Amino acid sequence: MKYLVMVQGSQADYEAMRGNGSEHSPVWSEKDLQAMFSFMGAVNNDLAESGELVDAQGLVEPARTRFVSAGKDGRPVISDGPYGETKELLCGYWVLDCESLERVTEIAARVARCPQPAGAPEYPVVIRPIDGGGDDLRP
């Protein structure tokens, strides 16, 4: 079964990683950033080695995100950031091919232990099974 494993963050978190801390997210030092990148690199390497990694990507800051919807006249309505400091959005993901929900939960628990500075917000790691063809929507 394939799963989407997601980590969340806010614009304030990206700013803190650049050295601009706030009440919502403390400043990350170079050492903090290196620890995070090293940790995530090890997770990715282990998943590639086990054959469970399909894809993994970090995403750019929420302020560079666009939302596109259909307007009443059918023309696109486009809105973008920046977002409020506490607005959480997807900041990275893995697509994993795992034997079971228990196995992907073990991986998510490992991801949740990613090092970060003291006082940084802790976001849950979200697991979503990937639907292979709409089977769960049928009665």
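Which is the longest run of the chain containing none of the trypsin sites (Lys or Arg not before Pro) found in DSSP loop states (not H, G, I, E, B) with at most 15 other C-beta atoms within 10 Å?
Working: sites that count: Arg18, Lys72, Lys87, Arg113.
The longest such stretch corresponds to 19-71.
Please report, as a whole percent, how much of the solvent-accessible surface of the chain comes from carbon and sulfur atoms (probe radius 1.4 Å).
On the chain, the fraction of accessible area on carbon and sulfur atoms equals 51 percent.
Bin all alpha-carbon pair distances of the chain at 10 Å intervals from 0 and give each bin's fraction as a whole percent.
The calculated distribution, bin by bin, is 11, 34, 31, 19, 5, 0.
State the extension gain, in nm to one decimal, for the chain segment bounded by Leu59 and Ala42, taking 0.36 nm per residue of separation less the distance between their alpha-carbons.
Once the chain is fully extended between Leu59 and Ala42, it gains 4.3 nm.
From the helices alone, meaning DSSP H stretches of at least four residues, give me the mean residue ellipticity at 222 nm for the chain, per-run term -39500 (n - 2.57), in deg cm²/dmol to the nearest 500.
-9000 deg cm²/dmol
Which GluC sites (Glu not before Pro) in region 46-128 pass both tests, a DSSP loop state and at most 12 other beta-carbon atoms within 10 Å?
Answer in residue order: Glu99, Glu122.
Enter the accessible area per residue of the chain (Å², integer; probe 1.4 Å; all protein chains in place).
Counting only protein heavy atoms, the per-residue value for the chain is 65 Å².
The values are calculated or read from the model by the stated rules, or taken from the named source; none is laboratory data. Nothing here was measured: the structure is a model prediction, and the numbers come from that model. Here Cβ is always computed from backbone atoms with ideal geometry, including for glycine, and neighbour counts include all displayed protein chains. The area values use the complete protein model at the heavy-atom level, side chains included, leaving out ligands, DNA and RNA. Shrake-Rupley method; radii C 1.70, N 1.55, O 1.52, S 1.80 Å.
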